[in-house]
Amino acid sequence: MEQQHRAVVVGAGIGGLTAAVALHLRGWQVTLLERAADLAPVGAGIALAPNAQRALDVIGLGDRVRELSAWQGDGGMRTPDGRWLARTDAEAAAARFGGPLVLLHRATLVGILTSALPEGVVRTGVTATVTDPGDDRRPARLTVSEAGTATGNATGTDIEAELVVAADGIRSAIRGTLFPDHPGPRYSGSTSWRVVVPAPGRPFAPHETWGAGRLWGSQPLKDGRVYAYAMAVAPAGAHAPDDEKSELLRLFGDWHHPVPEILAGVDPDRILRHDVHHLPDPLPAFHRGRVALLGDAAHAMMPSLGQGGNQAVEDAVVLAHHARSVPDFTPDRALAAYTADRLPRTTAIVRRAARTGALTMLSARPAVALRSAAVSAVSRFGPGLALRGFDGICDWRPPVDPAPSAHDPSRVS
């Protein structure tokens with residue numbers, strides 16, 4: 001009977017951890033499998049918008065995230081010489097969308113999520129392969145492999161699960177198993193860098209700066225550090241001839257304050273550089289049999305709207321909502337409802353992120369000048385008009401059980 005109540009989550013990123021917590025609160029026996037040796041997060045900062053915060057409210061963690069909000073007063077968009085193209089206001093954004101934008105280190109968010117899981121739920125250093133997605137009559141089957149002896153041999157164990165959650169990232173092996181004809185991720189034409197550094201000596205307003213085929217953002221964290229990120233048009237797989245700090249200095253070293261000061265404080269060995277891939281071709285569904293895809297495995301998007309992690313958190317609580325408690329779970333009905341809820345929304349956001357990403361990476365001088373003029377013109381009508389671009393995204397609210405039982409710990413009042 002234990003195996004009939006088992007949910008296996010593959011991948012301990014933000015989406016996988018959120019799904020594990022949400023399903024645990026629904027009464028599932030959850031096992032979370034992560035191929036990395038530990039949960040030390042690969043990443044720097046993450047921005048959680050009000051839509052993701054409301055999703056975290058469902059699992060009782062929203063307020064812990066809101067306490068980490070550091071954005072106060074004005075921020076906005078600039079040109080490399082420091083001219084402001086548009087100003088944004090934290091209070092106006094919070095009023096429009098029901099809460100602040102919270103920037104925090106991924107390690108902090110991972111810690112918050114793992115603290116909500118019982119001991120023994122997370123298994124690291126293992127890989128999982130779906131060998132049978134199952135259906136309403138039979139469980140899903142996985143082969144789990146982990147490091148064996150010092151000679152590098154591996155042992156494989158077959159397990160069954162009533163529900164499998166594939167949160168194994170943009171290169172998802174499980175997605176390839178479920179949908180082998182899907183073309184998979186595509187290179188966006190841009191590469192990205194991320195760093196977390198001590199705050200510079202002189203204060204600055206949070207900003208994102210758009211240049212010709214280049215972008216830089218500087219955002220404060222609650223702990224006094226700064227999360228900085230950059231993007232630039234580049235061939236796929238390119239790397240700096242010397243080191244990535246030198247590359248960033250070549251690209252951004254003469255930009256406005258605080259960019260040079262931030263770069264001066266960067267440790268070259270702690271710069272993360274990744275090519276930006278996304279899934280512009282939507283999947284036919286986010287499930288097959290008893291297996292559900294979420295996060296980047298389902299709908300990887302460009303970072304231009306800051307919604308990748310937010311949408312994974314949304315996925316997790318919506319999936320748990322449809323999975324409900326174990327006795328009520330019917331995979332065909334529940335996972336079809338999950339696909340119906342999530343596929344149209346995330347497809348639209350993936351496309352919007354791609355359009356915004358293309359706009360930020362314009363390189364031709366006439367196009368860059370026209371873009372700056374348009375952004376400046378829009379900003380003159382006030383921050384509300386600029387914020388309108390996030391309508392339908394940041395104002396999302398999670399589904400509520402129509403008739404939650406009194407003993408259900410995941411019900412929303």
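The values are calculated or read from the model by the stated rules, or taken from the named source; none is laboratory data. None of the values given here were measured: they were computed from a predicted structure. So basically every Cβ, Gly included, is an ideal-geometry build from the backbone, and we count neighbours across all protein chains shown. Protein only, heavy atoms only, side chains kept; ligands, DNA and RNA dropped before computing areas. Shrake-Rupley method; radii C 1.70, N 1.55, O 1.52, S 1.80 Å.
Miscellaneous remarks
- Selection status of Arg352, in contact (Cβ under 8 Å) with a residue 60 or more places away in the chain and of a type outside the set (S, T, N, Q): no
- Asp341, sole failed condition from (1) touching a residue at least 60 places away in the same chain (Cβ under 8 Å); (2) within 30 Å of Arg141 (Cα to Cα): (1)
- Residue match in the range 52-61 (condition: within 25 Å of Ser218 (Cβ to Cβ) and open to solvent by less than 50 Å² (accessible area, probe 1.4 Å)): yes
- For the range 264-273, the criterion of being under 30 Å from Val130 (Cα atoms), in contact (Cβ under 8 Å) with a residue 24 or more places away in the chain and among the charged types (D, E, K, R) is met by no residue.
- Qualifying position, being open to solvent by less than 20 Å² (accessible area, probe 1.4 Å), part of a helix (DSSP H, G or I) and at negative phi, among Ala320, Ala348: Ala320
- Within the set Leu359, Leu370, the sole residue that is open to solvent by 30 Å² or more (accessible area, probe 1.4 Å) and closer than 18 Å to Trp216 by Cβ turns out to be Leu359.
- When residues of the range 323-345 are limited to those that are open to solvent by less than 20 Å² (accessible area, probe 1.4 Å) and of a type in the set (Gly, Ala, Ser), the one farthest from the chain's Cα centre (by Cα): Ala334
- Selection count where residues are in contact with a strand residue (DSSP E or B) (Cβ under 6 Å, 6 or more places away or on another chain) and either buried (at least 21 other Cβ atoms within 10 Å of the Cβ) or among the aromatic types (Phe, Trp, Tyr) (or both), scope the range 32-46: 5
- Residue within the range 300-312 that is part of a helix (DSSP H, G or I) and more than 30 Å from Pro80 (Cα to Cα) present: yes
- The residues in the range 235-256 that are open to solvent by less than 40 Å² (accessible area, probe 1.4 Å) and in a loop (DSSP other than H, G, I, E, B) can be counted, and the count is 5.
- Counting only strands (runs of 3 or more DSSP E) that sit wholly inside the range 141-229, those with at least 1 residues that are open to solvent by 10 Å² or more (accessible area, probe 1.4 Å), in contact with a Pro (Cβ under 7 Å, 6 or more places away or on another chain) and modelled with pLDDT of 95 or more are 154-161, 186-198.
- Of all the criteria given as (1) modelled with pLDDT under 95; (2) assigned to a strand (DSSP E or B), the one not satisfied by Asp269 is (2).
- For Ser405, the criteria (1) of a type in the set (S, T, N, Q); (2) open to solvent by 30 Å² or more (accessible area, probe 1.4 Å); (3) at pLDDT 95 or above hold in every case but one, which is (3).
- Beta carbons closer than 6 Å, at least 6 apart along the sequence or on distinct chains, pair a first residue in the range 283-305 that is under 22 Å from Arg141 (Cβ atoms) with a second that is part of a helix (DSSP H, G or I) and at pLDDT below 95 for Arg290/Pro331.
- Residue that is farthest from His5 (Cα to Cα) [pool: residues in the range 161-205 that are basic (Lys, Arg) and touching a strand residue (DSSP E or B) at 6+ places or on another chain (Cβ under 9 Å)]: Arg194
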